[in-house]
Amino acid sequence: MQQEGEPLCSSMGAPSMHREAGALHVDPKTPEETQAWSLGRSAKSSKQHLRQVVAEYEALDRELPCIRKFPTPPTAQPLCLCVETSPEEDLTHLEVLEALEAELPGAMESGRVSSIRFENLNVICGTAGRRDRWLITVTDFQTRSRLLRSGIRLRGLAHLLVRHDELLLGDYRLHLRRSLVRRRMLEALGAEPTEED
């Protein structure tokens, strides 16, 4: 004799039956069907999630196809200024130095400017269409402030100088944003994130 609420049969795939207080109840959904229904629902939501993550990554890729990558967070360089120019201008170090000398006579000889470096972002990012950066390192905050206010004139055109740290921080934030979106996409695909992430 079976106890109340005990299943009468437990064969796989068949509806389960329970006897409660003399009545026989049939549950049309077996645990397997319930599980399949649950999996189908989660598979549908995971497909939607995957589509959303991939769409987010593709939108970011279209919006910003050439994002600079950073193996570590950039270090602060408070005395480094930057002027961005188009690659078509094809400037030389001498032209940048002459523009600085016009604004700060004897800039290099007096030691107020310690270096001028060229940064080709198209090479760094492996792409085309990015602006070149000229990095000008000064030796004191007074010189930095003066150049930030005045800017320089290159080939007769006025160019603003900005703090290099601000540009690097913006680049780094984009890198982190893309890394996060990429990591979420890989997790949604079930792949392991790489060291790039």
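Read-outs: derived from the displayed coordinates by stated rules, not from any lab. Just so you know, these numbers come straight off a predicted model, no measurement behind them. Cβ placement follows ideal geometry from the backbone for every residue including glycine, while neighbour counts extend to all protein chains displayed.
For this structure, a couple of remarks:
- Under the Karplus curve 6.51 cos²θ - 1.76 cosθ + 1.60, θ = phi - 60°, whole-Hz ³J(HN,Hα) for the range 70-87, x wherever Gly or Pro sits: 10, x, 9, x, x, 7, 5, 9, x, 9, 9, 10, 9, 10, 9, 9, 7, x
- Database remark: amide H of LEU81 closer than 5 angstrom to the amide H of ILE136, THR137, VAL138, HIS164 (H placed geometrically; neighbours at sequence offset of 5 or more, or on other chains; Pro and chain starts carry no H).
- Residue (of LEU169, THR127, LEU97) at the positive-pole extreme of the range 80-174, dipole from beta-carbon charges: LEU169
- Ranked SER110, SER150, criterion: other C-beta atoms within 10 Å, fewest first: SER110, SER150
- Mean Cβ neighbour count within 10 Å, used as a protection proxy, ranking 89-97, 68-76 highest first: 89-97, 68-76
- About the Cα centre, charge dipole magnitude for the range 80-174 (Lys/Arg +1, Asp/Glu -1 at Cβ), debye: 320
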